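Every number in this text was worked out from the coordinates using simple rules, so none of it is lab data. These numbers come from a predicted model, not from an experiment. Every residue, glycine among them, receives a Cβ derived from its backbone with ideal geometry; neighbour counts consider all protein chains shown.
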Amino acid sequence: MTMVGTPPPLPVRDRTAAQERTAGALSPMLRRLAEEQATGVLVREHGTLHLAEGRVVHAESPHAPGLEVLLTAHGTLAGAAWQRAAEQAGDTRGAAHRLLDAGLLPEGALELCHLDALYDAGYFALSPSSTPGRFRYDSEPRLGPLPSVPVIALERETLRRRLLLHRLWPDPAADSAPLIRADAAAAAPVTPRQRAVLDRVDGVRSASQIARNLGRQAFHTLVDVRRLAAAGLVRPVPTAPAPPPSLPTPPLTVTDPDIALLKRLRDALEAL
C-alpha cells in the first residue's frame, strides 16, 4: 500500500515583519527589492534606479545631468569620444565600460564621476512621488567594474541631502521653478561657485538646467541656489494666480407681467 503524504505548505511572506523592516524607508518597494536581491529596473516619477542583485548600479533622472555631462564638461573626456562609445554601446553604462576597457579614461576618474551621477540622480528618483513605482525584472543590469551602492546607503545619503537643503533654506520652491534675480537692498557677497550660478539666472533656466549648463551635479547646484535664496539674491518666477471660478449663469425666467409688457410692445410695433 502506497502512502501519499500531503505536500508541504507554500511559504507565506510575513507582512508584519516586512512592514517593520521597511518602516521609515524612502521607498518600501526598493527596500524589499534589496532584500530579495532583485535585478531589474525601478521606474519612479522623478527617476529610474537600475538594480543588480539588490544593489543600485545606475541611476537616471531628468532633473540631474548624466554621467556623460560630468565627464565631458570640464575636459576629463572629449565629447566626440563619448559620442562614439555611446553609439557603439547603446546606453550610458555600456559606453562607460567601453571607455574604461579602451583606456580612454582613468579608472579613478570614471568611478568618481559614476558615483557622483548615481547619487545625484538617485536623490531625485527617491523624492516624494504622487504615483506608485513600477519594477521590471530584468537580467540585463549586472554588477560590473563600476562601483555599485547598497540601497540603504543611497537612502541615507538622500535623507542627509534633504536635511541639508532644509537647513539652508526651508522653501523648496526654487528647486524646480525658473529663477529670477531678487532686488536685494544690499548685495551679499557670493563665492565664485555661487557667482557662476547667479550669472545664469535669467528667468528661464531652473536649477537643473543651470547645473547642466555648468556641467555640475544638480544637487550641488541646489545647495548654491538655496544659499542664494537665503541671501535674498534669487527667487522663483512667481506663478500667475489662477483665474477665479466663473459663476454659473442663472436661468432666464419670464414672469406674467413681463409677458404682458412684451405683448403691449408687440401691439405698438404692429400699429406703426
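Under the shape rule built on the C-alpha gyration tensor, where the axes satisfy a ≥ b ≥ c, region 102-167 is oblate, since a/c reaches at least 1.5 while a/b does not exceed b/c. Taken one residue at a time, the phi angles of region 132-145 give Karplus couplings (6.51, -1.76, 1.60, θ = phi - 60°) of x, x, 10, 10, 10, 5, 7, 8, 5, x, 9, 5, x, x Hz. Gly and Pro are set to x. For region 99-106, the Karplus equation 6.51 cos²θ - 1.76 cosθ + 1.60, evaluated at θ = phi - 60°, returns couplings of 5, 5, 5, 7, x, 7, 9, x Hz by residue, with Gly and Pro reported as x.
Dividing the Cα radius of gyration of region 25-167 by its Kirkwood radius returns 0.97 for Rg/Rh.
With θ taken as phi - 60° and the Karplus curve 6.51 cos²θ - 1.76 cosθ + 1.60 applied, the whole-hertz 3J(HN,Hα) list for region 204-221 is 10, 6, 9, 4, 5, 5, 5, 4, 5, 4, 8, x, 10, 5, 5, 5, 4, 5 Hz, x standing for glycine and proline.
Taking amide H positions as modeled 1.01 Å from N, with prolines and chain starts lacking one, the residues under 5 Å from His58 and 5 or more places away or on another chain are His50. The relative contact order of region 170-236, computed from alpha carbon pairs under 8 Å that lie at least 6 residues apart in sequence, is 49 percent. For the peptides 63-74, 99-110, 196-207, residues were scored by their other Cβ atoms within 10 Å and the scores averaged per peptide; the highest-first order is 63-74, 196-207, 99-110.
For region 170-236, the dipole from Cβ point charges (+1 on Lys and Arg, -1 on Asp and Glu) about the Cα centre works out to 200 debye, to the nearest 20. Debye-formula intensities of region 122-235, expressed as log10 I(q)/I(0) at q = 0.13, 0.19 Å⁻¹, are -0.60, -1.03 (one equal scatterer per alpha-carbon, no solvent).
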